[in-house]
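Structure record follows, encoded as structure tokens.
The values are calculated or read from the model by the stated rules, or taken from the named source; none is laboratory data. Since this is a predicted model, take the numbers as computed values, not measurements. Cβ: placed from backbone, ideal geometry, glycine included. Neighbour counts: every protein chain shown.
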2 protein chains.
Amino acid sequence: MSNQTKVILLNNRPEATPEHSDFKFIEETVPEIETDQVLLKSLFVSVDPYLRGRMRDIKSYIPPFELHQPITSAIVAEVIESKNDRYVKGDYVLGNLPWKTLLIADGASIQKVKKMDMPLSAYLGVLGMTGLTAYFGLEDIGKLKEGETLVVSGAAGAVGSIVGQIGKIKGCRVVGIAGTDDKINTLKKDFNFDEGINYKTTDDMRKALAQVCPDGIDVYWDNVGGAISDAVLFHINQFARIINCGAIADYNEKEMPTSMSPQTFLIKNSALMQGFIVSNYQKQFLEGIEQLATWLQQGKLTHKETIVEGFEHIPQAFIDLFNGTNTGKMVVKI
Amino acid sequence: MSNQTKVILLNNRPEATPEHSDFKFIEETVPEIETDQVLLKSLFVSVDPYLRGRMRDIKSYIPPFELHQPITSAIVAEVIESKNDRYVKGDYVLGNLPWKTLLIADGASIQKVKKMDMPLSAYLGVLGMTGLTAYFGLEDIGKLKEGETLVVSGAAGAVGSIVGQIGKIKGCRVVGIAGTDDKINTLKKDFNFDEGINYKTTDDMRKALAQVCPDGIDVYWDNVGGAISDAVLFHINQFARIINCGAIADYNEKEMPTSMSPQTFLIKNSALMQGFIVSNYQKQFLEGIEQLATWLQQGKLTHKETIVEGFEHIPQAFIDLFNGTNTGKMVVKI
């Protein structure tokens, strides 16, 4: 077979919304693999909003992409050739890998995908970072108990909708906050949420939360920060857990964002706020994937995805994330 | 013996600094004790700043004192008579008890004080709430590891000075923040802190912290909230723990206090902020007292106390807390 690969490089750091000129396609020759390496063929490529952050040249929990180097994201690939004892031709693997049609990886950067009765693309969404983020944030920080009240902001997003569904599986009352009535309907109809609040049409979030959380809030999954999260603080219960997954409200602020001081709320309620990134739990990923897959197979978990076809359409799929045209997880099939 | 007791009632809710007219002395007759009860003679009464909060008529983690009812605080007392199997005459006990010279308690509201080679007053300070607050906050939330950097605000206070000393016992680099050069000297000379910052004479807290915390901050014991705590956020390390013990900077604010949004700092660093009150750990108090007593006996822990004599001087001792005239824990010997 051909040992030529297509590659997508970061050509410019986007100023605002990413554009096609920020990406560059090249072709290169793939060398022979060495001991411990595998040759992979990309099957499904994940495009995610967080990649936008890595295109900026600022320090964060993961380093920025380098200019004129391949962009990387979660990719499901097939082993074409292996000089690593742990992999054989035909294995499916998952890793944070460069945007290439053919690529070389060492064993440490990939893990085997257990072929269950699941489409491979699911390993980039509900069985991938998205699902694992929801699962480990709730397991390790949320520690949901039956009968507790869980509030989720950014609830209609890929992570938020799984968070809420896991909350229902655990026997919690689940309230979602989102920005359109359509999304609120989806939360209740498709994702089994008990209640939803459209924050854009709600004047008084404190009051709205009081109405749908008569027993207070035990766990708050925070995807947004800002004023919505301030309103939640007034309703947290003793020993409440606030999971800081995102702070979209703050991402585009030029000044250092301020909010209500959470300290007194945390002290009065012996409550905690904790941030995390999913890679903290890398060693337990297989455990998480198996649990999520079981729930999927039992019909307890629903997921939505938009699949775009063709390696050359990766940049457009990524750009479309910011137009809000897709529903659920955006994946590119190579 | 006489079955008359002196009692101190809350006569008014103080407007600003408490005054003598806010307290009222009465005498009453102590009835016969019933099954499971004990008759106690107060020996040492703790006066603490947090009691000021309970004199306000607002909801907090503990309910406010009632007007015209006895004020309560931590008291070390001697068992005079017992109809409870767990206590005999002569036992020393500790409890959150009313300001009375003689009083009745049931077994559930007190616990035995193990008479070690310690003055009984220590059970109200380093072996009491003060020490236990420091101990359990660090054990359960701080989880100090050798070589880590611990920053303490309100470091010269009763709790802060013990926090710092435990940090040194655990092999940490300890930095204290306080408001006078005298206090900074005390931290370094008497309490073994590595470094101190006088925030009142420091223009740029972020820079000052960077200088004394070259390896960043792993654990932050927060007694103050506000701008000092904002500055700390810029220096927290991966998996940092922020222990919210107090937020003095916010206590007297009339508007809802705001501060920098901590969310992005917590997410970027997979860090946590957690509030607590010491009574969460009530079941483990004996374990904590034994550890603190061991450190005291080994000379690893130093404590300071100011002892005032006489039941009738309790109000003055309490009022003096707000004049800053005392050093270390303020205790009244009956």
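I'm trying to understand the selection: among the residues of region A:36-61, which are out of contact with any Pro (no Cβ under 9 Å at 6 or more places or on another chain), in a loop (DSSP other than H, G, I, E, B) and free of Cβ contacts under 8 Å to residues at least 60 places away in the same chain? Once the filter is applied, which keeps residues that are out of contact with any Pro (no Cβ under 9 Å at 6 or more places or on another chain), in a loop (DSSP other than H, G, I, E, B) and free of Cβ contacts under 8 Å to residues at least 60 places away in the same chain, region A:36-61 yields A:Lys59, A:Ser60. Does A:Glu27 satisfy the criteria of being assigned to a strand (DSSP E or B), free of Cβ contacts under 8 Å to residues at least 24 places away in the same chain and more than 26 Å from A:Glu305 (Cβ to Cβ)? Against the criterion (assigned to a strand (DSSP E or B), free of Cβ contacts under 8 Å to residues at least 24 places away in the same chain and more than 26 Å from A:Glu305 (Cβ to Cβ)), A:Glu27 qualifies. Screening region B:161-276 for strands (runs of 3 or more DSSP E) wholly inside it with 2 or more residues that are within 11 Å of chain A (Cβ to nearest Cβ), in contact with a helix residue (DSSP H, G or I) (Cβ under 7 Å, 6 or more places away or on another chain) and crowded, with 24+ Cβ neighbours inside 10 Å returns the ranges B:236-244, B:272-275.
crowded, with 24+ Cβ neighbours inside 10 Å and assigned to a loop (DSSP other than H, G, I, E, B), is that true of B:Leu127? Show your work before the answer.
Values: crowded, with 24+ Cβ neighbours inside 10 Å: yes; assigned to a loop (DSSP other than H, G, I, E, B): yes.
Taking the combined requirement at face value, the residue satisfies it.
Among the conditions (1) within 15 Å of A:Ser279 (Cα to Cα); (2) in contact with an Asp or Glu (Cβ under 8 Å, 6 or more places away or on another chain), the only one that A:Asn84 does not satisfy is (1). Within the span defined as region B:36-53, one or more residues are within 23 Å of the chain's Cα centre (by Cα) and either among the β-branched types (Val, Ile, Thr) or on the phi > 0 side of the Ramachandran plot (or both). With respect to the conditions (1) of a type outside the set (Val, Ile, Thr); (2) without any contact (Cβ under 8 Å) to a residue 60 or more places away in the chain; (3) assigned to a loop (DSSP other than H, G, I, E, B), B:Asp117 falls short on a single one, namely (2).
Would you point out which residue out of A:Leu67, A:Leu97 is under 16 Å from A:Lys333 (Cα atoms) and over 15 Å from the mean Cα position of the chain (by Cα)?
Values: A:Leu67 fails: under 16 Å from A:Lys333 (Cα atoms).
Only one candidate qualifies: A:Leu97.
For region B:278-332, the set of residues classified as free of Cβ contacts under 8 Å to residues at least 40 places away in the same chain, assigned to a loop (DSSP other than H, G, I, E, B) and buried (at least 17 other Cβ atoms within 10 Å of the Cβ) consists of B:Asn326 only. Residues considered: B:Tyr87, B:Tyr50. Of these, the only one that is surrounded by fewer than 19 Cβ atoms within 10 Å (Cβ to Cβ) and among the hydroxyl-bearing types (Ser, Thr, Tyr) is B:Tyr50.
Among the residues of region B:158-179, write down those that are of a type outside the set (A, V, I, L, M, F, W, C) and in contact (Cβ under 8 Å) with a residue 24 or more places away in the chain. Before the answer, list the steps.
Keep residues of region B:158-179 that are of a type outside the set (A, V, I, L, M, F, W, C), which gives B:160-161, B:164-165, B:167-168, B:170-171, B:173, B:176, B:179.
If the condition is that a residue be of a type outside the set (A, V, I, L, M, F, W, C) and in contact (Cβ under 8 Å) with a residue 24 or more places away in the chain, then B:Gly160, B:Ser161, B:Gly164, B:Gln165, B:Gly167, B:Lys168, B:Lys170, B:Gly171, B:Arg173, B:Gly176 are the ones that fit.
Is there a residue in region A:101-108 that is modelled with pLDDT of 95 or more and either touching a helix residue (DSSP H, G or I) at 6+ places or on another chain (Cβ under 9 Å) or not aliphatic (A, V, I, L, M) (or both)? Yes; the residues of region A:101-108 include at least one that is modelled with pLDDT of 95 or more and either touching a helix residue (DSSP H, G or I) at 6+ places or on another chain (Cβ under 9 Å) or not aliphatic (A, V, I, L, M) (or both). With the structure loaded, tell me whether A:Thr149 is surrounded by 23 or more Cβ atoms within 10 Å (Cβ to Cβ), at negative phi and touching a Cys at 6+ places or on another chain (Cβ under 7 Å) or whether it fails that test. Taking the combined requirement at face value, the residue satisfies it.
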